[in-house]
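**Student:** Below is the structure I would like to discuss, written out as C-alpha cells.
The values are calculated or read from the model by the stated rules, or taken from the named source; none is laboratory data. Remember, predicted model here, so these are calculated numbers, not experimental data. Neighbour counts are summed over all protein chains in view; Cβ atoms, including those assigned to glycine, are modelled from backbone coordinates with ideal geometry. Ligands, DNA and RNA are stripped out before the accessible areas are found, and what is left, the full protein with its side chains, is counted by its heavy atoms. Shrake-Rupley method; radii C 1.70, N 1.55, O 1.52, S 1.80 Å.
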Amino acid sequence: MSSDRLKNVGLRPRVLVVGFAGHQGKEYLSIVRENADVVGGVDPAPAASALADEWGFPHYGVLDEALEKVEFDAAVVTVPHSEHFPVCTELLAHGRHVIKEKPFAVTEEEARQLIHLAQRADRSVFTLLQRNFNPVFRFAQKNLARIGQPYWFSYDYHLNLAHPTTGWRASREQAMGGVLLDMGYHLIDVLSGLFPEPPRVHSAFVHQYREMRDRRLEDLVSLMCSYPSTGLAGSLRISRHNHEKIERLCVLGTEGALNVAPQVATLHSVGGLPLDHCAWAGPKIDAVRSMIAHHLGHLDDRYYRQDHLQRQLAAVRTIDGIYRDRLGEQNKLADRCA
Ligand SMILES: NC(=O)c1ccc[n+]([C@@H]2O[C@H](COP(=O)([O-])OP(=O)(O)OC[C@H]3O[C@@H](n4cnc5c(N)ncnc54)[C@H](O)[C@@H]3O)[C@@H](O)[C@H]2O)c1
C-alpha cells in the first residue's frame with residue numbers, strides 16, 4: 001500500500017497532479033518535481049495534454065481514469081472550488097494522501113466528512129497556505145507574546161484588479177463564495193495561528209460589480225470579530241478591486257504592537273518605538289518550495305496531520321458561519337419584503 005512504501009527510507013513519493021494546467025497547478029509543477037516523482041496529471045483543459053507531454057508524464061482527462069491506470073502515493077490538487085470536495089473524497093476513498101489548495105472545504109459539514117475519510121484511510125489532507133512558511137509570519141507568531149495581552153487587530157488584504165472577475169471565480173456554482181472564501185481563507189488561517197476561533201463575527205458584504213451582486217459573490221468583505229472572554233476585538237477588510245495591492249496586519253497589545261506585511265514584521269513598544277523586526281525579501285516561491293517539501297515529507301506524520309486538520313476545520317467553520325449568518329439575514333429580509 002502507498003503509505004508502507006513511503007516508509008522505506010529514500011523513496012520519493014509518487015504524485016498525481018490534479019488541475020495541473022491551471023494557474024496554481026503550473027506554478028507548483030517544477031517544485032513538486034524537486035521532491036517527488038510526478039507520475040501523471042489530470043486536467044480536462046484543452047492545453048493539458050500538450051503540457052503533460054512537455055513535462056513528460058501521462059495525461060488523463062478525468063480522475064477515475066488516473067486511479068485505474070497509475071500507481072501514486074499522493075495527489076496535489078489545484079482545481080476550482082466546486083471540484084475540491086468530489087476530487088478529494090475520491091482520492092481518500094482510494095487511500096491516497098491529498099495536498100490541496102485552499103479552501104480545505106467550503107462548509108463545516110464537508111470539512112468534517114473529509115476529516116472522517118482521512119482518519120478512516122489513515123491518510124493526510126494538507127492545505128497549501130504559504131504564509132505559514134513565510135519567515136515574517138513565523139516571526140509574528142513566535143513574538144506575539146511580547147506585546148502583552150492583545151486587545152485589537154486590524155487586517156487588510158486587497159488586490160488592485162482593474163476588471164470584473166472572470167472565469168470560475170465569477171460563477172456562483174464553481175466559486176461557491178466571493179473574496180471571503182477565495183482570499184479571506186488565508187487571513188482566517190493566519191489569525192487562527194495567533195488567536196482562538198472568534199466566537200462572534202459581524203460582516204458587511206460589498207459589491208463593485210452588479211453581476212457579482214446578482215450572483216451573491218462579494219467583491220469586498222469587512223468583518224468585525226469579537227472575543228468577549230478576553231476583551232480582544234479585531235477587523236478585517238478583503239477586496240479585489242482596491243486602488244493598490246496591499247496586505248497588512250497590525251496587532252495592538254497591552255505592552256506593544258506588532259505590524260506584519262509579507263516582507264517585514266516589526267515589533268513596537270507602546271508609543272511606537274521599533275524594538276525588533278524580521279525582514280524577508282523573498283522570493284515568494286521560496287516559501288512555496290518549503291511548504292511543498294514540508295507537506296510531502298510529513299504525509300505519514302499523524303500528529304502533524306491531526307493539528308493541521310483541526311486548524312483547517314476551525315477556518316472552514318468560521319467562514320461557513322459568516323456565509324450562513326449572511327444567508328439567514330437575506331432570507332429574513334426577503335420574508336419581510338414578501
Ligand atoms: N495560494 C494562493 O495564493 C492561490 C492563488 C491562486 C489560486 N489558488 C487556489 O488554487 C485553486 C485553483 O485556482 P487557479 O487560479 O489555479 O484556477 P485555474 O482555473 O487557473 O486552474 C484550475 C485548473 O483545474 C482544472 N480542472 C477543473 N476541474 C477539474 C477536475 N475535476 N479535475 C482535474 N482538473 C480540473 C481546470 O481545467 C484548470 O486547468 C483554487 O482552489 C484557488 O483558490 C490559490
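**Student:** Nearest 500 deg cm²/dmol is fine: what mean residue ellipticity at 222 nm does the chain get from its DSSP H runs of n ≥ 4 alone, each adding -39,500 (n - 2.57), divided by its residue count?
**Tutor:** Details: 13 runs with 142 residues, N = 338.
Theoretical 222 nm ellipticity from helices: -12500 deg cm²/dmol.
**Student:** So if R0 is 35 Å, what FRET efficiency would Arg302 and His243 give, r being the distance between their Cβ atoms, rounded to the nearest 0.05?
**Tutor:** Values: r = 47 Å, r/R0 = 1.33.
With a Förster radius of 35 Å, E is 0.15.
**Student:** Principal axis extents for the range 53-116, Cα atoms only, whole Å, descending order, please.
**Tutor:** Its Cα atoms span 38, 21, 16 Å along the three principal axes.
**Student:** Alpha carbons only, please: Rg and Dmax for the range 135-279, in angstrom.
**Tutor:** For the range 135-279, the Cα-based Rg and Dmax read 16.4, 49 Å.
**Student:** Here is a further query. Can you give the % of DSSP beta bridges in the range 135-279 that are antiparallel, to the nearest 5?
**Tutor:** Working: 39 of 46 bridges.
Bridges in the range 135-279 that DSSP calls antiparallel: roughly 85 percent.
**Student:** Using a basic spin-label model with each label point 7 Å from the Cα along Cα→Cβ, how many nm lie between Ile285 and Ser226?
**Tutor:** About 4.7 nm separates the two model spin labels.
**Student:** If you place +1 on the Cβ of every Lys and Arg, -1 on the Cβ of every Asp and Glu, and leave all else neutral, what size is the dipole of the range 135-279 about its Cα centre, to the nearest 20 Debye?
**Tutor:** Numbers: 14 positive and 13 negative charges, 24 e Å.
Approximately 120 debye in magnitude.
**Student:** Lys284: which lysines have alpha carbons under 27 Å from its alpha carbon, excluding same-chain residues fewer than 8 sequence positions away?
**Tutor:** Lys26, Lys100, Lys102, Lys142, Lys245
**Student:** Grab every C-alpha pair in the chain, bin the distances at 20 angstrom width from 0 up to the longest one, and report whole percents.
**Tutor:** 29, 57, 14, 0
**Student:** Where in the range 108-152 is the amide nitrogen less than 16 Å from a point lying 7 Å along the Cα-to-Cβ axis of Leu275?
**Tutor:** Counting only backbone N, you get 139-152.
**Student:** Ok, one more. At 0.36 nm per residue, minus the direct Cα-Cα distance, what do Asp122 and Ala338 gain on full extension? Give it in nm, one decimal, please. Spell out each step's value before the answer.
**Tutor:** Working: separation 216, 0.36 × 216 = 77.76 nm, distance 5.04 nm.
Fully extending the segment from Asp122 to Ala338 adds 72.7 nm.
**Student:** Ordering Cys225, Cys250 from largest to smallest accessible area (1.4 angstrom probe), what's the sequence?
**Tutor:** Working: Cys225 5, Cys250 30 Å².
From most exposed to least exposed: Cys250, Cys225.
**Student:** Can I ask one more? Provide the percentage of antiparallel DSSP beta bridges, counting only those with both residues in the chain; round to the nearest 5. Can you show the working numbers first?
**Tutor:** Numbers: 39 of 65 bridges.
Counting only bridges with both partners in the chain, antiparallel ones make up about 60 percent.
**Student:** Related question: In the range 234-329, which GluC sites (Glu not before Pro) are in a loop and have at most 13 other Cβ atoms within 10 Å, using DSSP for the loop call?
**Tutor:** Sites meeting the loop and neighbour criteria: Glu255.
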